[in-house]
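A short write-up of the structure that comes next.
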Amino acid sequence: MNEIVERTFTKVCTLDDVWEGDMDCFEVDGIEVLIIVLEGGRVVATQSICPHQNVELVEGEFDGSKVLTCKQHHWQFDVSTGKGINPEHAAIAMYPVKVEGDDVLVDLRGAEPIFCEP
C-alpha cells in the first residue's frame, strides 16, 4: 500500500540569494540547510555539515555542476543525488525543494543529516 506523504515546504531564501553554480547555507526551523544551484538552474538542498567530521560544507568547493568537495579531508559528494564520490560509502541528506516564483522552499521532514565513519 502506497502512503501519500503531504509535504510542508518552508521558504529558505530567494533565487537572488544563490546564483547558478553557487551555494550558501541558511537556517530553517533551527536546522542548517545548504542550498545549491546546479548548472542549468536546478536548485537542490542538502545537509550543511560534512558527514565525516562536522565541517561546514559551504566552506568547501562546488564545481558549479554537481561535485561538492569538503575543505577538511576532500570528501566529495554528487549534490544531484547526495551520493558519495570519494569515498563511495559516504552520503549527504537531500531535502525536497520547490521553487515558486523567486522563492526557494524546502521540506525538512523525512530527511535527517547523515554521519558516517571515515
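GNM, the chain, Cα, under 10 Å: largest mean-square fluctuation among Gly82, Gly41, Gly60?
Most flexible of the set in this elastic network: Gly41.
Lysine pairs in the chain with Cα distance under 21 Å, only those 8 or more apart or on different chains: how many are there?
Lysine pairs satisfying the spacing and distance rule in the chain number 5.
Just the Cα atoms of the chain, one point each, no solvent: what log10 I(q)/I(0) does Debye give at q = 0.15, 0.22 Å⁻¹?
Scattering profile of the chain, log10 relative to I(0): -0.62, -1.25.
Using Cβ counts within 10 Å as a stand-in for footprinting exposure, how do Ile36, Ile114, Ile49, Ile92 rank, fewest first?
By the 10 Å Cβ count, ascending: Ile114, Ile49, Ile36, Ile92.
None of the figures in this text is laboratory data; all of them are computed from the coordinates on show. Keep in mind the model is a prediction, meaning the values are calculated, not measured. With ideal geometry, Cβ positions are generated from the backbone for all residues, glycine too; neighbour counts draw on all protein chains shown.
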